[in-house]
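The values are calculated or read from the model by the stated rules, or taken from the named source; none is laboratory data. Note that the coordinates shown come from a computational prediction; the quantities given were computed from them, not determined experimentally. For neighbour counting, all protein chains shown are included, and Cβ atoms are generated from backbone atoms with ideal geometry for every residue, glycine included. Ligands, DNA and RNA are excluded from the accessible area calculation, which covers all protein heavy atoms including side chains. Shrake-Rupley method; radii C 1.70, N 1.55, O 1.52, S 1.80 Å.
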Amino acid sequence: MRYLILDAPILGVNSTYVKRWSIRKETMTVVIYRLPITRLNAQANPISEKVRIEHYVFEAAAALINKEPWELIFGSDED
């Protein structure tokens, strides 16, 4: 798996939402968009901010491997 951290996604003409992350399954790559994550919905509390960012990272990684984020938690799968 690879990861990239980029400043901002390209917005379409009719965009109503700014993506925080995207995936590229063909290259097993997770792209985290730094500026939307750190600038939009910023929290004054540094702990809340870290939890919010971690949430996006887990969402992206789970989407890459066709799982739900909570399935990535150790011990939650009986495989």
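Points to keep in mind about this one:
- Selection from the stretch 55-79 of residues that are farther than 17 Å from Lys25 by Cβ and either at pLDDT below 85 or of a type in the set (Gly, Ala, Ser) (or both): Ile73, Phe74, Gly75, Ser76, Asp77, Glu78, Asp79
- Pairs where the first residue, in the stretch 1-23, is within 14 Å of Leu64 (Cβ to Cβ) and the second is in a loop (DSSP other than H, G, I, E, B), C-beta under 7 Å, 6+ apart: Met1/Met28; Arg2/Met28; Ser22/Pro9
- Screening the candidates Val30, Val18 for the property of being part of a strand (DSSP E or B) and in contact with a helix residue (DSSP H, G or I) (Cβ under 8 Å, 6 or more places away or on another chain) yields one hit, Val30.
- Filter result (free of Cβ contacts under 8 Å to residues at least 60 places away in the same chain and not in a loop (DSSP other than H, G, I, E, B)) within the stretch 62-74: Ala62, Ala63, Pro69, Trp70, Glu71, Leu72
- For the stretch 39-57, the criterion of a residue being touching a strand residue (DSSP E or B) at 6+ places or on another chain (Cβ under 9 Å), open to solvent by 60 Å² or more (accessible area, probe 1.4 Å), more than 23 Å from Ile73 (Cβ to Cβ) and not acidic (Asp, Glu) is satisfied by no position.
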